[in-house]
1. Going through segment 456-487 one residue at a time, which ones are within 24 Å of W60 (Cα to Cα), touching a Leu at 6+ places or on another chain (Cβ under 8 Å) and open to solvent by 60 Å² or more (accessible area, probe 1.4 Å)?
2. Is at least one residue of segment 232-255 of a type in the set (S, T, N, Q), near the ligand (Cβ under 10 Å from one of its atoms), open to solvent by 10 Å² or more (accessible area, probe 1.4 Å) and at pLDDT 95 or above?
3. How many residues are under 21 Å from the mean Cα position of the chain (by Cα) and of a type in the set (G, A, S) if we restrict to segment 405-457?
4. Can you tell which of T351, T408 is within 23 Å of G324 (Cα to Cα), in contact (Cβ under 8 Å) with a residue 24 or more places away in the chain and in contact with an Asp or Glu (Cβ under 9 Å, 6 or more places away or on another chain)?
5. Identify all residues within segment 80-102 that are of a type in the set (A, V, I, L, M, F, W, C), surrounded by 24 or more Cβ atoms within 10 Å (Cβ to Cβ) and out of contact with any strand residue (DSSP E or B) (no Cβ under 6 Å at 6 or more places or on another chain); write none if there are none.
6. Answer yes or no as to whether K139 is more than 16 Å from the ligand (Cβ to nearest atom), open to solvent by 10 Å² or more (accessible area, probe 1.4 Å) and within 22 Å of E250 (Cβ to Cβ).
7. Which residue out of I269, I339, I313, I258 is β-branched (V, I, T), away from the ligand (no atom under 16 Å from the Cβ) and either open to solvent by 60 Å² or more (accessible area, probe 1.4 Å) or touching a Lys or Arg at 6+ places or on another chain (Cβ under 7 Å) (or both)?
8. Of all residues in segment 385-405 being small (G, A, S) and either within 17 Å of L274 (Cβ to Cβ) or without any contact (Cβ under 8 Å) to a residue 24 or more places away in the chain (or both), which is nearest to the ligand (Cβ to nearest atom)?
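The values are calculated or read from the model by the stated rules, or taken from the named source; none is laboratory data. These numbers come from a predicted model, not from an experiment. For neighbour counting, all protein chains shown are included, and Cβ atoms are generated from backbone atoms with ideal geometry for every residue, glycine included. Calculation scope for accessible area: heavy atoms of the full protein, side chains included, ligands and nucleic acids excluded. Shrake-Rupley method; radii C 1.70, N 1.55, O 1.52, S 1.80 Å.
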Amino acid sequence: MKAQPPASHFIDGEYVEDIDGAAFDSLYPATGEVIARLHAATPAIVEKAIAAAKRAQPEWAAMSPTARGRILKRAADIMRERNRELSELETLDTGKPIQETIVADPTSGADAFEFFGGVAASALNGDYIPLGQDFAFTKRVPLGVCVGIGAWNYPQQIACWKGAPALICGNAMVFKPSENTPLGALKIAEILIEAGLPKGLYNVIQGDRSTGPLLVNHKDVAKVSLTGSVETGKKVAGAAASNLKHVTMELGGKSPLIVFDDADLESAIGGAMLGNFYSTGQVCSNGTRVFVQRGIKDKFLKRLKERTEKIVIGDPMDEATQFGPIVSKAQLDKVFSYIEKGKAEGATLLTGGGIPNSVSSAGNYIQPTVFADVTDDMTICREEIFGPVMCVLDFDSEDEVVARANATEFGLSAGVFTSDLTRGHRVADALEAGTLWINAYNLAPVEVPFGGSKQSGFGRENSVAALNHYSELKSVYVAMGKVDSPY
Ligand code: NAD
């Protein structure tokens, strides 16, 4: 098998197997070929991983942030040296084209190790608080054992975006990748050991929705960071609340992308395509509700159709391929069912909607799809599809479009294209979302906080803001005189 790891789990610095766990296959989404055969974690594996993390964490927390940072930066270097190998694995795991994974997956994971490794020496300081003759100071202390649970669209990036801030703050991590994409995180764990991370600090266990709760409910776990759907987020946050664990929730969205009639048309179309078709549409922050001002609607749709129909669909390992398959058959069926609903509810199918020619019929392929004349009440406009389905809506005025863009329970991201920067800022201010773009879409550099508002989640990944979610402040009051007591 093309991508069989030595064993299913990586615990305490080595690969570990327990064949009592339910067996499952990892399939290459482009062909349906079995590329690895794995076992889900048994309760014994979960215990072993959490015990290793708990044992290793205090010594790691006692090291200086600079020393911890040095190891993370080394891991970043190794990831960059092995970018091709890691990108090929990511392509096998997810089906995303190598053209994307080579620039966006291991590299963004490496960015996280590099960034958090670099800020360690300066960003983990406390404050000195003068109080007359007395004073207080604060220390930033780790939480302990943190659990990361990943989605299937960016497996290596998610493993690093959670691992890097957790480790730099002095925590240990147990990471569970999605059952659809189990392979990338194991490599990240291997690389961290090679970079010098002490054993037990970054463990990976496999499993699905029945395994997750074993981690979330465990008494020795201090924090859970989930990337997943809103539905899963509610379950995980609810379970974590029962013993008041810290949580970060990176959940789904149905984000608006607003194109005013003064926008640079080709840039706006490019942004809309990136925000709907990159990673075959499987991106949480995608701008799937594209509001186009009525004056440019016809021109916008004409060019969008032309450009969409030129997208190169094919073998993800071919560097010329721009668009690969959906991660799983189940997700493909879900996307097709939304396309049927779009047609039934009266949206105009501008392009796509079917299976592309000249691809393996065993792969989970679908054409990039655009619906025009979509209205706010249609199912395809209200629910997250998580596939390459763009909904184009018309609007007349700024006030109208802001109100309609905000009329959703989600609040992950939003974008605005306009050549009037004052309007760009005004609209960005008015939109209810955690991450916004003006004249761009879906850029998420590690320096910038990333996360959602409303039901798209809470907490932030990336940037120094993430340190707040993997550490807490300890305040120490120091009295310099005698105790002034009335008793
Ligand atoms: P999902 O919610 O089905 O699963 C996410 C992870 O949670 C998986 O590892 C799964 O095994 C685990 N899980 C499921 N039920 C659980 C439970 N009860 N307890 C603990 N763990 C459980 O999501 P998915 O289908 O893998 O990913 C797609 C979703 O993720 C979309 O909604 C997408 O928007 C979202 N997403 C969000 C972000 C972000 O940063 N905001 C990034 C990527 C994906």
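1. If the condition is that a residue be within 24 Å of W60 (Cα to Cα), touching a Leu at 6+ places or on another chain (Cβ under 8 Å) and open to solvent by 60 Å² or more (accessible area, probe 1.4 Å), then E472 is the only one that fits.
2. Yes, the conditions are met somewhere in segment 232-255.
3. So the answer is 13.
4. Details: T408 fails: within 23 Å of G324 (Cα to Cα).
Selected residue: T351, the only one of T351, T408 that is within 23 Å of G324 (Cα to Cα), in contact (Cβ under 8 Å) with a residue 24 or more places away in the chain and in contact with an Asp or Glu (Cβ under 9 Å, 6 or more places away or on another chain).
5. Across segment 80-102, the qualifying residues are L86, L89.
6. no
7. Numbers: I339 fails: either open to solvent by 60 Å² or more (accessible area, probe 1.4 Å) or touching a Lys or Arg at 6+ places or on another chain (Cβ under 7 Å) (or both); I313 fails: either open to solvent by 60 Å² or more (accessible area, probe 1.4 Å) or touching a Lys or Arg at 6+ places or on another chain (Cβ under 7 Å) (or both); I258 fails: either open to solvent by 60 Å² or more (accessible area, probe 1.4 Å) or touching a Lys or Arg at 6+ places or on another chain (Cβ under 7 Å) (or both).
Selected residue: I269, the only one of I269, I339, I313, I258 that is β-branched (V, I, T), away from the ligand (no atom under 16 Å from the Cβ) and either open to solvent by 60 Å² or more (accessible area, probe 1.4 Å) or touching a Lys or Arg at 6+ places or on another chain (Cβ under 7 Å) (or both).
8. G387
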